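Notes for the one structure printed next.
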Amino acid sequence: MLYWESMEIKLVYPAWPKFRHKTAFLMPPLGPAVVAALTPPGYGLSIADDNAAPVVCAANADLVAISAMLVSQLPRAFALAEEYRRLGVPVVMGGQAAWALTNLCREHADAVVVGEAEGLWPRVVEDARRGRLKPLYRRRGFADPNTIPAARRDLYPADAYAYRGLRMMDLVETSRGCSLGCHHCQAPAFSGRRHRIRDVGAVIREMRGLGDGIFIVDNALEQSLSHQKALFRAMAGLGKYFVCHPISPEPEILELAARAGCWYVYHQIFSDSARIRRRIKLLHDFGIAVHGTVLLGLDSHGPDVFQRLLDFLLEVGLDLAEFTVLTPFPGTSLYREMKKAGRLLHEDWGRYNADEVVIQPARMTPDQLAEGHRFLWEGFYKEQSQTLRIFRLLRRIRSRLPETVV
């Protein structure tokens, strides 16, 4: 006998501690909207972003699915899960954090989904409808990129994601997987080392329905020259502006990206090397701004690194900067190395947000690393605030777009 003919499903995205020195821009999360798009027809659906408005737990759903991308979301995720379960609502947990700390998540949920949701989530929904949820759903292998759906962004409140009247960017993925294998990144293990590329036509159809601003969240577009060329050529007629992670430092690619509306590129910076200097200059030569994600606390860093980095960033004219502390996220080789060496200060996951020192640095004290981190945030934005820099860059990119989207 069927337990439910249909169900009301609530997708929840938990809050986490934000960077203390960063302007609090809030963008609609991608994960829950993708899960919503994978849900078979005939079910009631809603999304609650705990970052936009605190979730108030109530027994008004038949199933709650909590999506946690970051391990720093887990304390709040567990609190919400326990409250929903107390109210008699079954809870499923998934996302990258659930993959990284599966056994811990199983203590707080009726079911845990491990791996990408494509091909797995409909089975979870059907089991829940029949009252037969299994405690663990583990995906073997990775999803065919052509099964990645257009996200259900219509489930988000229209006015929830704006800053000073400016609509925030929509998140889009054009591919999954990363072959670069950075030892502090979870992506290669969670999404695989093979670069899986979505059909460009499907991506463009999804982008057409979005606002002016797009954040391409792929780990590194520079993995494929052919994909970058096809994507940027197709985007050139959309009249959008976009940001993304690293693209290839090739003149042809950079020219195509600029024509497609590339606003700025995230680029990791961990030293004042000539290579990084050349990359920043090349991007600037094509009118593309650079948002440096500056990684602090590497074993090569001593107390003198902070002033040296600040001088370098100001000298090369870096447009935006985000200063992060080396954090050994579970599931990475860095985590395994740090744990084996006894260099983890604790495993309070809510503080693993790249804004707090959670390791013993090799060449300085934790307090010196924390103070250097604060020094760089304050020093870089001393003359121009982050908000001012962003709005000036936005005005510049909008001046290059067609009149219809300005």
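Near the amide H of V294, within less than 5 Å, lie the amide hydrogens of I269, E322, F323, T324, all on another chain or at least 5 residues away, with H placed in the peptide plane.
With distances taken between every two different alpha-carbon atoms, the chain has a Kirkwood hydrodynamic radius of 22.4 Å. Between the listed residues N219, L256, S273, the Cα displaced farthest toward the positive end of the dipole of the range 169-405, a dipole computed from Cβ unit charges relative to the Cα centre, is found at L256.
Charge dipole of the range 169-405 (Cα centre as origin; +1 on each Lys and Arg Cβ, -1 on each Asp and Glu Cβ, all else neutral): 660 debye, rounded to the nearest 20. The range 169-405 has equivalent-ellipsoid semi-axes of 32, 22, 15 Å, by the square roots of 5 times the alpha carbon gyration tensor eigenvalues, sorted largest first.
How big is the charge dipole of the chain about its Cα centre, in debye rounded to the nearest 20, if each Lys and Arg gets +1 on its Cβ and each Asp and Glu gets -1 on its Cβ? Let's see the in-between values first.
Working: 51 positive and 44 negative charges, 114 e Å.
Value, rounded to 20: 540 debye.
Classify the range 163-206 as rounded, prolate or oblate from the Cα gyration tensor: take a ≥ b ≥ c as the square roots of its eigenvalues, call it rounded if a/c is under 1.5, otherwise prolate when a/b beats b/c and oblate if not. Write out the running numbers ahead of the final one.
Values: a/c = 4.58, a/b = 1.46, b/c = 3.13.
Taking the square roots of the gyration eigenvalues as a ≥ b ≥ c, the range 163-206 is oblate.
Taking other C-beta atoms within 10 Å as the exposure proxy, S226, S6, S72, S271 rank S226, S6, S271, S72 from fewest upward.
Once you charge only the Cβ atoms, +1 for Lys and Arg and -1 for Asp and Glu, what is the size of the charge dipole of the range 199-255 about its Cα centre, to the nearest 20 debye? Walk me through the intermediate numbers first.
Working: 5 positive and 8 negative charges, 48 e Å.
So the magnitude is around 240 debye.
Residue separation times 0.36 nm, minus the C-alpha to C-alpha distance between S46 and R343: what's the value? If you can, show how the numbers build up before the last one.
Details: separation 297, 0.36 × 297 = 106.92 nm, distance 4.18 nm.
Taking S46 through R343 to full extension adds about 102.7 nm, to one decimal.
For L344, L388, what's the fewest-to-most ordering of other Cβ within 10 Å of each Cβ? Don't jump to the answer; show the numbers that get you there.
On the way: L344 15, L388 12.
Fewest-to-most ranking of L344, L388: L388, L344.
Counting other C-beta atoms within 10 Å, which of H373, H183 has the fewest, and how do the rest follow?
Working: H373 23, H183 12.
Ascending number of Cβ neighbours within 10 Å: H183, H373.
Based on the alpha-carbon gyration tensor of the range 229-322 and its eigenvalue square roots a ≥ b ≥ c, which shape applies: rounded if a/c is under 1.5, prolate if not and a/b is larger than b/c, or oblate? Because a/c hits 1.5 or more and a/b exceeds b/c, the range 229-322 counts as prolate.
By the Cβ-Cβ criterion of under 4.7 Å, the unpaired cysteines of the chain are C57, C105, C178, C244, C262. Amide H contacts for A48 (H built 1.01 Å from N in the peptide plane; partners 5 or more residues away or on another chain; cut-off under 5 Å): L11, V12, Y13. A simple spin-label model places the labels of R308 and F19 2.2 nm from each other, with each point 7 Å out along Cα-to-Cβ. Can you grab the distance from the C-alpha centre of the range 27-77 to the C-alpha centre of the range 122-165, Å, no decimals? Each part's Cα centre sits 9 Å from the other's.
May I ask what percent, to the nearest 5, of DSSP beta bridges between residues of the range 249-406 are antiparallel? Could the numbers behind the result be given before it?
Working: 1 of 13 bridges.
The antiparallel fraction comes to roughly 10 percent.
Taken as Cα centroids, the range 247-268 and the range 331-406 sit 23 Å apart, rounded to the nearest whole angstrom.
Between P328, P188, V56, the Cα set farthest toward the positive side of the dipole of the chain (charges on each charged residue's Cβ, about the Cα centre) is that of P188.
Label separation (A158 vs E83): 2.9 nm, computed from points 7 Å beyond Cα along the C-beta direction.
A Förster radius of 35 Å, combined with the Cβ-Cβ distance separating V56 from R138, puts the computed FRET efficiency at roughly 0.65. Once backbone amide H atoms are built at 1.01 Å from N, G192 has C178 as its partners under 5 Å, excluding neighbours fewer than 5 places away on the same chain. The HN-Hα couplings worked out from phi for the range 347-357 by the Karplus form 6.51 cos²θ - 1.76 cosθ + 1.60 (θ = phi - 60°) are 10, 7, 4, x, 9, 8, 10, 6, 10, 10, 7 Hz, whole numbers, x standing for Gly and Pro.
Karplus-derived 3J(HN,Hα) values for the range 65-80, using 6.51 cos²θ - 1.76 cosθ + 1.60 with θ = phi - 60°, are 10, 9, 9, 10, 7, 9, 5, 6, 7, 5, x, 5, 4, 5, 5, 5 Hz; glycine and proline are entered as x. Note on the chain: antiparallel DSSP beta bridges, both residues inside, total approximately 10 percent of the bridges counted.
Throughout, read-outs are computed from the coordinates displayed, never taken from laboratory work. Nothing here was measured: the structure is a model prediction, and the numbers come from that model. Don't worry about glycine lacking a Cβ; one is built from the backbone with ideal geometry, like all the others, and counts go over all protein chains shown.
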